[in-house]
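Notes for the one structure printed next.
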Amino acid sequence: MDNREISQAVIGRLPRYFRFLGELKDEGIERISSQELSDIMKVTASQIRQDFNNFGGFGQQGYGYKVEYLYEEIGKILGLDKTHNLIIIGAGNLGQALANYMNFERRGFLFKGIFDNNPDLYGKKIRNMEVRPMEEMDAFVRENEIDIAVLTIPKTSAVPVAERLVRNGIRGIWNFAHVDLNVPREVQVENVHLSDSVMKLAYNINRFEKGERS
């Protein structure tokens with residue numbers, strides 16, 4: 001694969017390909033065509049081929065794709081052939097729910113610690129991991145080679161916390177705080193605005209209802 005820029009739309013579809021291919025692999029399916037994958041995923045076959053061609057194609061004309069090989073190659077593109085040490089900042093309901101999500105480990109994201117500024121939560125165990133005070137975060141990130149931080153804190157706290165994380169060498173931030181973070185180019189940020197997602201759902205419901213009435 002060359003160094004050309006891959007569109008965010010293509011990158012956004014890769015986890016979905018990975019998930020469906022994993023299910024096919026678990027079902028014992030060894031080979032699949034772009035049309036068969038299209039029928040399952042509701043993405044056009046031409047779109048699938050275009051997406052895969054960004055990374056070298058993976059298939060053979062008239063022969064289809066080897067499911068396990070394609071699953072592994074997309075996993076490599078997504079960086080899932082490596083492990084990532086992860087901490088959660090914010091031990092409220094969302095932080096605890098994410099900490100208890102066991103599927104992270106299956107994908108190579110190793111939960112190493114959870115932090116909060118609420119003294120009432122210090123020492124509380126979440127999946128056998130004690131909630132730590134924020135004062136310990138900086139040293140913990142450095143000493144445990146943490147490369148991803150998950151922010152489930154109020155937006156007023158997110159910016160200064162992100163700045164501290166950057167100073168201590170964090171490489172990626174999964175941001176659930178409702179604020180955009182201004183970080184150096186080498187630090188990757190994935191924003192998850194839950195209200196945006198539910199508003200998009202409301203829009204699609206509204207659009208469908210209008211279509212039915214027209």
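Some values worked out for this structure:
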| quantity | calculated |
| --- | --- |
| Distance between modelled label sites at residue 206 and residue 159, nm, 7 Å Cα→Cβ extension | 3.0 |
| Listed residues 14, 151, 165, most fluctuating in the chain (Gaussian network, C-alpha, under 10 Å) | 14 |
| Solvent-accessible surface (1.4 angstrom probe) belonging to residue 122, in square angstrom, nearest 10 | 80 |
| Alpha-carbon centroids, segment 32-93 and segment 142-200: separation in whole Å | 26 |
| Computed accessible area, residue 186, all protein chains, 1.4 angstrom probe, square angstrom | 130 |
| Separation of the residue 178 and residue 127 label points, Cα + 7 Å toward Cβ, nm | 2.7 |
| Accessible area of the chain divided out per residue, in Å², using a probe of 1.4 angstrom | 62 |
| Mean separation of Cα contacts under 8 Å (6+ apart) over length of segment 78-168, as relative contact order % | 33 |
| FRET efficiency, 1/(1 + (r/R0)^6) with R0 41 Å, evaluated for residue 82 and residue 40 via beta carbons | 0.90 |
| Built amide H within the under 5 Å cut-off of residue 189, gap 5+ | 173 |
| Positive minus negative residues near residue 132 (Lys, Arg vs Asp, Glu; Cβ under 11 Å) | -2 |
| For the chain: relative contact order, % (alpha-carbon pairs under 8 angstrom, 6 or more apart) | 13 |
| Simple spin-label estimate for residue 186 and residue 117 in nanometres, 7 Å along Cα-Cβ | 2.8 |
| Share, in percent, of DSSP beta bridges within the chain that are antiparallel, nearest 5 | 20 |
| Accessible surface of the chain [probe 1.4 Å, protein heavy atoms]: carbon and sulfur percent | 48 |
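The values are calculated or read from the model by the stated rules, or taken from the named source; none is laboratory data. As the structure is a prediction and not an experimental result, all values here were calculated from the model. Virtual Cβ from ideal backbone geometry, glycine too; neighbours counted across all protein chains shown. Side chains included, ligands, DNA and RNA excluded: accessible areas come from the protein's heavy atoms. Shrake-Rupley method; radii C 1.70, N 1.55, O 1.52, S 1.80 Å.
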